[in-house]
Amino acid sequence: MAINNVGNTGHKPQLESQKLNQQQAQAAASEQKAQSQAAASAPKQDSVSLTQSAQQISQVQKKGSDAPVNSEKVEKLKKAIQNGEYKVNPEVLASKIAKSESEIFGLAKG
């Protein structure tokens, strides 16, 4: 019985090409898997959105912190409070609170 094609290298390039293609496909699949795992483990980013009222309050707070301070007047008031000499007029205080709220929330003065 004769054996044909012994030592015939005609099929080797085709086999090597198939093997190379298979290795490339496996490498691409493992790279894609690694990328998907990296994307899954990446931290999610949070986001915050403020309501219009919250934005207005934030603006008022910023304006308040940017306002100039009369430190001499502040010291006088501190001393008057500590000595028990500072008296609050409830009518004037209530009026100023109402005025402030209407400015903040845009309400018409009634």
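Every number in this text was worked out from the coordinates using simple rules, so none of it is lab data. Quick caveat: nothing in here was measured; it's all calculated off a predicted structure. FYI the Cβ positions are ideal-geometry reconstructions off the backbone, even for glycines, and counts take in every protein chain you see.
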query: So how far apart, in nm, are the two label points at ASP66 and GLU16 if each is 7 Å from Cα heading toward Cβ?
result: 7.4
- prompt: How far apart, in nm, are two points set 7 Å out from the Cα along the Cα-to-Cβ line at ALA29 and at ILE57?
  reply: 5.7
task: Compare the peptides 43-49, 86-92, 73-79 by average per-residue count of other Cβ atoms within 10 angstrom and give them in order, highest first.
output: 73-79, 86-92, 43-49
query: In nm, to one decimal, how far is the modelled label at ASN83 from the one at LYS99, with both set 7 Å along Cα→Cβ?
result: 2.7
- request: Output ³J(HN,Hα) for region 23-30: one whole-Hz value per residue in order, computed from phi by the Karplus curve 6.51 cos²θ - 1.76 cosθ + 1.60 with θ = phi - 60°, and x for Gly and Pro.
  value: 5, 5, 5, 5, 5, 5, 5, 5
